[in-house]
1. In nm, what does the list of distances from residue B:76 to its counterparts in the other copies look like, shortest first, when each label sits 7 Å along Cα to Cβ?
2. Would you please give the residues with an amide H less than 5 Å from that of residue A:65, counting only those at least 5 places away or on a separate chain, with H modeled from the backbone geometry?
3. If you take each beta carbon of peptide B:76-84 and count the beta carbons of other chains within 10 angstrom, what is the mean?
4. Provide an ascending nm list, one decimal, of label-point separations from residue A:18 to the equivalent residue in each further copy; define each label point as 7 Å from Cα along Cα→Cβ.
5. Place the label 7 angstrom along Cα→C-beta at residue B:64 and in each other copy, then list the distances from the first to the rest in nm, shortest first.
6. If packing is taken as the average count of other Cβ atoms within 10 Å, what order do B:14-21, A:57-64, A:40-47 fall into, highest mean first?
Number of protein chains: 2
Amino acid sequence: MEYIRSVESVFEIIAEPNRRAILSLLVSSQQSVGEIERQLRMSQPAVSKHLRVLRDAGFVESTVDAQRRLYRLKPEPLREMDAWLAQFRRFWSAHVDALERHLDRMNNDRMEQDRMNPRMDKKPPKKRKTK
Amino acid sequence: MEYIRSVESVFEIIAEPNRRAILSLLVSSQQSVGEIERQLRMSQPAVSKHLRVLRDAGFVESTVDAQRRLYRLKPEPLREMDAWLAQFRRFWSAHVDALERHLDRMNNDRMEQDRMNPRMDKKPPKKRKTK
DNA sequence: CTTATATATGCCTTGACACGTATATGCTCG
DNA sequence: CGAGCATATACGTGTCAAGGCATATATAAG
C-alpha cells in the first residue's frame, strides 16, 4: 500500500547479517560485486540488493570500472551508530573502569529513591514494600 | 512455550525503535513496566514483550518489587555492539584526518541528502569512470 | 553484429515479527 | 476469602523484508 517506506534507521540496515558481513569485507579494501559474491557465498542478486540498501542508507558508495562496480565504505552512518551508542558508554565503562565505579554507585543510589515519576495520569499505590 | 528462538544478534534486537527507546529510558534510571508504558505511550503488552526480548538478549535485567518489575540496563550486549563497531572506527577516523577534505568537496551535499531522502530516483548517478 | 561478462531489477513466495485484544498469573490489602 | 492492580502470555492478523529465479541493462571482446 505505502511506498514511502524508506531507510528507517541505520540500525535496521545493519540488522541483516549478510549486510554486516559485506561491511566487514569492505573495511579492508573496496570490492566488486562478484568478489563479495564469492567470498560470502551468496547469490549475485542477493549481493546487489544488499548493496543497494547499503548505498541508499549511505553506508557505501560505488564507482564504475568497466562492467564492474567497486564498492567502498562511507563512514557517516557508522558514526551515527557510534553516536547513539555513546549514551551508554559511560554506563558500561563504569562496570569495568574503577575510576568511574563510584559514579555508577551514585547513580544507583539515585535510582533507588527515584521512584516518583513526573506526568502520571493516575497515581499508583505508593505503598510498597521493598523486599 | 515455543521453539527456542535463538538470540540471533544484538543488532536485530536494537533494530526495533521502541526497544531502542526503552534502552534510552533506562540509561537514566531503572523503571517499572508501567512507567515505561506511560512515558513511551505504548500498550502494556507491547512493553512487556519488548522487555522480554531485551531480557532474553541480556540487555536488561529485572527485580521484583511487589507486583512491579523494575528493569535496568545490563552492559554486555551494548559492549558487544561497540566491539563490532570498533573495526570501522579506525576507518572513519582516518577519514577525518586525511580523506575528509576530498570527500567533502566532492559530495558533502549529496551525502546529506542521500541519508534523508527516500529514494525516488530510479537510477544511480551514472558516472563514467573507466581506467 | 554477436556473444560473454558483470551487475541491477522485477515478481513471487515464505517467514518473521510487531501489534491489539483477551486472558492468565501473581501479589496486596480489606 | 475476594477485589484490584501490575505484569506476562496466547492467539489472530497485517505488514514487510529477504531470497530465488528470470530477465533487463551495460560494457567488453571477437
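Every read-out reported here was derived from the displayed coordinates using simple, explicitly stated rules and does not represent laboratory data. Keep in mind that this is a model prediction, so the values were computed, not measured. Here Cβ is always computed from backbone atoms with ideal geometry, including for glycine, and neighbour counts include all displayed protein chains.
1. Reported distances to equivalent positions: 3.7 nm.
2. A:70
3. 4
4. So the label point of residue A:18 gives 2.9 nm to the other copies.
5. 6.7
6. Packing order, densest peptide first, comes out as A:57-64, B:14-21, A:40-47.
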